Ligand SMILES: Cc1cc2nc3c(=O)[nH]c(=O)nc-3n(C[C@H](O)[C@H](O)[C@H](O)COP(=O)(O)OP(=O)(O)OC[C@H]3O[C@@H](n4cnc5c(N)ncnc54)[C@H](O)[C@@H]3O)c2cc1C
């Protein structure tokens, strides 16, 4: 199969709220965008860490949940037809013939005149339980996020973890699955009290079995190496084997700057140093905005990231369209594509 190659005006690394708003800002200035994210879905921290939590400090939204904000940003970006390249981490960023080239871990190459890094705290990845042979089952019987809840219909499930994801998915899948075991190392859950109450009600009705205080110990396999169950153990060494078609492990996400620290940009305390007047980094044609960018007085707030997106795009214009004058226009004057 031929490796995928995409050419664009502006490559945006990171599909969090700030990266998504950059699509809109770039689009309003006539710049084509490609958005790359290592996660399989857009939304960054809002979608991955707190989709259901209310946010109160987005201007003109007295309250909006993480996932509602992302859906609105997706819709706002839609008229500009961004290309999303999801599920692969940008590992390399190099300059070739006056264009920046990015290569993702899935082998996709994106070539752009300008790069805007909106990579938050770096690449997210699930914290994986240290079980021997777990990689063999990832994506088939072991999952760190749920993409298609229907795929768990009539299945025996082991859900491990004590936070919102574990509790919310136990509640959501209880009506579909044949049986759900929730494995947690202590009897206190770090999840919304209402959700914990609901899970306890389901446990009382026998729809969910709480396996507490146990930790995951080993994956059980049959002769063909198919997972048949999960062995769990207490601190005192008491073991149980839970028959399982699937293991859903929700131990949070790990974050690190990852390959970004090898791209030769000036860094400051694990963030990318920028000039706040332009959001330019130490490399010409590369900008950084949102949580990953730092300057004196930086506030790590979504609303500040939105403003940084506008500043970066206005400054990038001349690198995308050399010699073309930028006439500042309000959105009320310019409108958006497809609007009457
Ligand atoms: C529980 C919680 C509550 C919060 N509440 C608020 C609040 O009320 N108000 C507020 O303003 N802020 C809040 N925040 C902070 C807010 O979520 C962040 O400021 C915001 O998400 C930053 O957006 P971003 O787009 O810069 O980065 P992120 O949302 O972190 O997105 C960055 C994206 O870049 C991707 N990425 C990173 N490196 C690579 C790479 N090399 N290749 C490909 N992709 C990469 C990541 O996978 C990620 O999806 C909260 C945060 C948390 C955790």
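Spacing of the modelled spin labels on residue 261 and residue 6, each 7 Å from Cα toward Cβ, amounts to 2.7 nm.
Between region 224-289 and region 75-104, how far is it from one alpha carbon centroid to the other, in angstrom? Their Cα centres are 20 Å away from one another. Highest mean packing comes first when the peptides 104-115, 306-317 are listed by Cβ atoms within 10 Å, giving 306-317, 104-115. Where both bridge residues fall in the chain, DSSP classifies roughly 45% of the beta bridges as antiparallel.
Report Rg(Cα)/(2.2 N^0.38 Å) for the chain, keeping two decimals.
Details: Rg = 22.7 Å, N = 340, 2.2 N^0.38 = 20.2 Å.
For the chain, the normalised Cα radius of gyration is 1.13.
For region 202-321, averaging the sequence separation of C-alpha pairs within contact (under 8 Å, six or more residues apart) and dividing by the residue count gives a relative contact order of 12 percent. Stokes-Einstein diffusion for region 189-340 at 20 °C, viscosity 1.002 mPa s, with a Kirkwood radius from C-alpha pairs, works out to 100 µm²/s.
Just subtract the alpha-carbon distance of residue 307 and residue 150 from 0.36 nm times their residue separation and send over the number in nm, one decimal. Each step should come with its number before you reach the end.
Numbers: separation 157, 0.36 × 157 = 56.52 nm, distance 3.97 nm.
52.6 nm is the gain from fully extending residue 307 to residue 150.
Beta bridges assigned by DSSP with both partners in region 1-119 are antiparallel in approximately 45 percent of cases.
For region 65-156, the equivalent ellipsoid built from the Cα gyration tensor has semi-axes of 31, 21, 12 Å, listed from largest to smallest.
Placing a label point 7 Å from the Cα of residue 187 along the Cα-to-Cβ line, the residues of region 144-167 whose backbone N sits under 19 Å from it are 161-163, 167. Remark on region 154-209: Rg and Dmax equal 9.9, 28 Å (Cα only). Angle of helix 66-77 to the longest C-alpha principal axis of the chain, folded into 0 to 90 degrees and rounded to 10: 40°.
The long axis of helix 164-173 is offset from the longest Cα principal axis of the chain by roughly 60 degrees.
What order, most packed first, do the peptides 76-82, 189-195 have when packing is the mean number of other Cβ atoms within 10 Å of each residue? Show your work: numbers first, answer last.
Numbers: 76-82: 18.0, 189-195: 15.3.
Final packing ranking: 76-82, 189-195.
Under 12 Å from a label point set 7 Å out along the Cα-to-Cβ vector of residue 136, the amide N atoms of region 212-255 belong to 219-229. The calculated P(r) of region 194-241, using every Cα pair and 10 Å bins from 0, goes 24, 33, 35, 8, 0 in percent. Between 0 and 90 degrees, the angle of helix 193-204 with respect to the longest Cα principal axis of the chain falls at about 30 degrees. In terms of other Cβ atoms within 10 Å, 279, 231, 156 run from fewest to most in the order 231, 156, 279.
Values in this text are rule-based calculations from the coordinates and carry no lab data. Not measured: the values here are computed from a predicted model. Cβ atoms come from the backbone with ideal geometry, glycine included; neighbour counts cover every protein chain shown.
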